[in-house]
Amino acid sequence: MREQERMSEKNSPATAGNSRRSILTWFSGAALAGSAAISALANFIFMKPRATYGQPSRYSIGRPDDFPSGTRVSLDQRRVCVVREGSKLAVISTICTHLGCTVGVSDTGFACPCHGSRYDQDGNVVGGPAPKSLAWYQISLAPNGELEVDTNAQVEQGTYYNL
Amino acid sequence: MSAPTVPEKVPATAEKAGFVVALAALPRNMWDSLFRNPLPDSDLGASRTSFTNFFLHIHPVKVHRNSIRPLYTLGLGVMSFVTFVILTVTGVLLMFYYVPSTTQAYDRMLDLRGSVAFGTVLRNLHRWSAHAMVAIVFLHMCRVFLTGSYKRPREFNWIVGCILLLLTLFASFTGYLLPWDQLAFWAITVGTSIAAYAPVIGKKIQFLLLGDQAVGQEALLRFYVLHVVVLPMLITLMVAIHFWRIRKDGGLSRPAEADGMPDGKPLRVEIVPNSSKGGTFGLMGFVRGPFTKVGNVPDNTVYAWPNLFVAELFVFVVTVAVLLVVSLLFNAPLEEPVNVLHPPNPAKAPWYFLGLQELVSYSAFWGGVGIPGAEVLLLMLVPYIDRKVSGVGKWFSRERFLANTLFVTFALLNVIFIIIGTFFRGPNWSFVSPF
C-alpha cells in the first residue's frame, strides 16, 4: 500500500500534466472536427448555385393561332414538341428520359440518337433503354393571350389543354 | 609577388582569402554547393549521390534486384507518372491560350490550330497523353493484380491506386468538355445524366456538377476548375502517398524466396509482443537469422544510382518519344462546334467510356451506376478478401489461378464492351458490322 502511494505521489506532476494535455487534446480535436464538418457543409452549400443562368422554367411559346390543328412541331431551343389536335394542345418534352439527349420528332413518334430509345406519338416508350415516357408539361393561357409552359409542373400523359 | 597565393586543397572562400580570389572561384564554388557530390564512381559515391540529392532521394540508396527486372514491372508505374508529367506541362501551356467560355472556347481550339506556335502539337500531345494515361494506369493495375502485389502489407497502396484510376478517369472526363465541340457537349450530357441515376443523391450530384439544370456555361467553368486545379492537386497528393507507401511497404513486391535466408525461408518474421513481459519487444524478435546481416546473408540489392535511375530515365525517354511521334503524326479530333439542338448520331463518348455507354444502353441504372459501382467496390476490397500470401511476386502464379482468372475475365469483359461500343454501334446505337 505504502509503496503504491509513494509511486502515485512521485507520478502526480506527470499525471496532472497528462490530464491537462488530454483535456487540450480533446478540446482541440473536437474543435477541429466540428470546424471540418461545418466547412464541409459550407462548401456544399457554396457549390450549390442559388440562381442559375440557364433557361427559365416558365416561358411563352406564342399564341394558340401559331399552332394550327394537326401541328406536330419541335421547338428546338426549348427542347419541347408542341402537338395540337383540334382544340386539344399538349407540350411534350424532347429530352430523352434515358440520358438527356434531344430526341428527334417524326410522324410516328420520337427517336433518340444516343442510345436508341424510341417513343410513340404520346411519348410512351416503345423500345430502347428509356426507363419512362417523355414528360408532358403544364400549359396555361397568359393574360396577354400567349401560351405559357411550365417545365417544373408536369401533367399526366394524355392531359390535353383545351383551348 | 604582392598577390597572395592560395594554398592548394583549401576552398577559395577560406576566411583569409581576398575578394578577388573569391570572385574568381565563384562559379566553381556555386557549382559545388549546388551539386555537393561529383558523379559517383564508387559505391560510397553512389549512396552519397542518392542520399544528398532532393530528387534522387525519392528512392532508397539500394533497391532489390527484383525491382529493376524490366519483365516484372514492364515500367508501367513510371510510365503512368511520365504521362501525368507530360499532361501537367502541356496542360499548363494550353491554359495560356484557353478561355473557359461557351462563346470563346471553341474559337480558342481553332486558334491553337491556326495561330498559336506549336499549338497543334501541344494539344495533340495533351490529348494523346490523356488517352495513354488511362490505358497505362489500367495496364499497371493489371500488372499489380496478376503478380499478387496488392497483398499484405500493400493493401492500402492498392486502394490508393484504385483511387488514382478513378481520378484519372474523372480528369479525362472533365477534360473533354473543354473544347466545347459536339463530342464534348453530348458526352457530358450523357455522362452527367448517368450520375443522376445514382439513388437518392443522384439528381443533386448532377446539379452540383453542372451548376445548372443542363450543360452550359456554369458546367464549362466548373469542369475547367476541376480539370486544371482540383483533380491535378488530388492526383499529385495521391501519387505522393502512392510512392511513399511503396518504400514504407518494403519496396516493390517480390517472391518470398527472393530475399530469403540460404534455407529459402523469409528473413522477416511476424512481430509478436512477448505477452509474458506485458507487451515488450525483444530486439532479437524482429529478425530471423544472424544479427549482423552484411556478409552473412545473400545481398540481393543493387545501388539505385545508376541501376534504377537509368532504367526510369529510359522509360521516361521512350514514353515521351512515342507520344511525341504520335502527336506529330495524328491530330487530336475536333468536331463541329456545340449545337444544342442536334446531337450527333450516334453520340459516342471517348473509347474508355464506350464500355460504360454500351452497358448504359441496356439499363441506365445498372449499366451506369450499379455494375460500375460494384466493380469499383469489389476492386478496392480485393486485398481484404484475398488474404493468402502465397504466389506474390510472380506473374500468373499457379497458387493464384482462381483470382487471376476472375480478374482477367472481368478485365476482358470490360474490353469487349469497349470494342462493341467502339466498332459495332451505329446510328441510334443499333448494331452495325464494321466489316
Peptide-level mean, for A:94-107, of C-beta atoms on other protein chains within 10 Å: 5
Test item: Cα-centred dipole of the protein assembly as shown, Lys/Arg +1 and Asp/Glu -1 on Cβ, debye: 2080
Tensor-based shape of the range A:42-96 (alpha-carbon gyration tensor, a/c under 1.5 rounded, otherwise prolate or oblate): prolate
A:SER57-B:MET30 pseudo-label distance in nm [points 7 Å out on the Cα-to-Cβ vector]: 6.6
Percentage, to the nearest whole number, of Cα pairs in the range B:197-264 over 21 Å apart: 58
Net +/- balance of residues flanking B:GLU399 in space, Cβ distance below 14 Å, scoring K and R +1, D and E -1: +4
For B:176-188, mean number of other protein chain Cβ atoms within 10 Å: 1
Length added when fully stretched, A:SER87-A:THR25, from 0.36 nm per residue minus Cα-Cα: 14.9 nm
Stokes-Einstein D in µm²/s, Kirkwood radius over Cα pairs - chain B at 4 °C with 1.567 mPa s viscosity: 50
Dipole of the range B:302-435 [Lys/Arg +1, Asp/Glu -1 at C-beta], most positive-end residue of B:VAL302, B:LEU324, B:ASN345: B:VAL302
Paramagnetic reach from A:ASN144 (point 7 Å along Cα→Cβ, amide N under 12 Å) across the range A:56-84: A:59-63
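As a test of the formula, what do you get for the protein assembly as shown when each DSSP H run with n ≥ 4 contributes -39,500 (n - 2.57) and the sum is divided by the residue count, at 222 nm and rounded to the nearest 500 deg cm²/dmol?
That calculation yields -15500 deg cm²/dmol at 222 nm.
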For the range B:31-142, convex hull volume per residue from C-alpha positions, Å³: 166
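In which sequence would B:PHE84, B:PHE185, B:PHE35 go, from the one with the fewest C-beta neighbours within 10 Å to the one with the most? Write out the running numbers ahead of the final one.
Details: B:PHE84 22, B:PHE185 27, B:PHE35 12.
The order, fewest Cβ neighbours first, is B:PHE35, B:PHE84, B:PHE185.
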Segment B:VAL302-B:ALA374, length gained on full extension (0.36 nm per residue, minus Cα span): 21.7 nm
Rounded to 10°, Cα long-axis angle of helix A:2-47 versus longest principal axis of chain A: 10
Chain B, relative contact order [Cα under 8 Å, separation at least 6], %: 23
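Averaged over every viewing direction, what's the projected area of the C-alpha convex hull for chain A? Give it in nm², one decimal, please.
Over all viewing directions, chain A projects a mean Cα-hull area of 18.6 nm².
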Dipole of the range B:65-156, positive end: most advanced residue of B:HIS140, B:TYR106, B:VAL89 [Cβ charges, Cα centre]: B:HIS140
In nm, spacing of pseudo-spin labels at B:HIS342 and B:ILE205 (7 Å Cα→C-beta vector): 3.4
Listed pairs A:LYS88/B:LYS203; A:LYS48/A:LYS132; A:LYS48/B:LYS348; B:LYS151/B:LYS394 exceeding 22 Å between Cα atoms: A:LYS88/B:LYS203; A:LYS48/A:LYS132; A:LYS48/B:LYS348
Given charges at Cβ of Lys, Arg, Asp, Glu: the protein assembly as shown dipole, positive-most of A:GLY62, B:LEU166, A:ILE45: B:LEU166
Label point distance in nm, B:VAL239-B:TYR97, each placed 7 Å from Cα along Cα→Cβ: 2.4
Calculated FRET efficiency for the pair B:ASN331/B:LEU110, C-beta based, R₀ 22 Å, to 0.05: 0.95
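What length, rounded to one decimal in nm, is gained on full extension from A:THR71 through to A:ASP107, with 0.36 nm per residue of separation minus their alpha-carbon distance?
Once the chain is fully extended between A:THR71 and A:ASP107, it gains 11.9 nm.
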Using distinct alpha-carbon pairs, which all enter the 1/r mean, Kirkwood radius of the protein assembly as shown in Å: 29.8
FRET E, pair A:LYS48, B:LEU381, Förster distance 35 Å, beta-carbon r, rounded to 0.05: 0.65
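Read-outs: derived from the displayed coordinates by stated rules, not from any lab. These numbers come from a predicted model, not from an experiment. Please note: Cβ atoms are built from the backbone with ideal geometry, for glycine as well, and neighbour counts cover all protein chains shown.
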